[in-house]
Amino acid sequence: MIPFRVALQPGLPAHEQVVFAAKKAIVSGRLRPGDAFPSVRTLSAAVKIHFNTAQKVIAQLQQEGLLEVRPGIGTVVAQRAAAGRMERARLLARDVEALTVEAIKLGVGLEELQELVSAQWRELQRGKEREKA
C-alpha cells in the first residue's frame with residue numbers, strides 16, 4: 001500500500017506521473033517529514049510499474065531533496081529546508097514557464113490563470129488541514 005494515488009495516463013512518462021503524485025502527497029501533508037516512503041519493490045507492485053521506473057522515481061525525489069535514506073530505517077520523507085526567495089524562484093522557474101506557455105497556448109488570461117492557481121492552492125491547503133486533524 002502506498003500513501004498516495006496514481007492513475008497512470010497514456011502519453012505521459014510513468015515516472016513523471018508517480019513523482020508528481022508523491023510531491024502532491026508531500027506538499028499537501030499526506031506524507032510528512034519522517035514518514036516512511038515505499039520501497040522500490042512496494043512502489044513497483046502497487047503502481048504496476050517496472051522496478052527500474054520505481055527506482056528512477058525514488059532517485060529523482062531524493063535528488064530534489066524530498067526523500068532521504070536513513071541507514072537501518074529506509075527511505076523517508078525529508079525535512080524541508082527553508083529556502084530563500086531566490087532559491088524558491090530558481091526551483092520553480094521551469095514549472096512556472098511551462099504553466100505560462102500552456103496557459104497562453106490555451107488562451108487563458110493572466111487573471112484566469114491566477115484564479116486557477118489560487119483555487120488549486122486552497123484545495124491543497126484544505127487537504128493539508130484535513131490531514132492534521
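Some points to look at:
- For segment 5-16, filtered to residues that are touching a helix residue (DSSP H, G or I) at 6+ places or on another chain (Cβ under 8 Å) and farther than 19 Å from THR75 by Cα, the residue that is surrounded by the most Cβ atoms within 10 Å (Cβ to Cβ) is VAL6.
- Pair list, Cβ under 7 Å, 6 or more apart: segment 25-46 residue under 12 Å from GLY74 (Cβ atoms), other residue among the acidic types (Asp, Glu) and open to solvent by 60 Å² or more (accessible area, probe 1.4 Å): none
The values are calculated or read from the model by the stated rules, or taken from the named source; none is laboratory data. Quantities reported herein were computed from a predicted structural model and do not represent experimental measurements. Here Cβ is always computed from backbone atoms with ideal geometry, including for glycine, and neighbour counts include all displayed protein chains. Heavy atoms of the whole protein, side chains included, go into the accessibility calculation; ligands, DNA and RNA do not. Shrake-Rupley method; radii C 1.70, N 1.55, O 1.52, S 1.80 Å.
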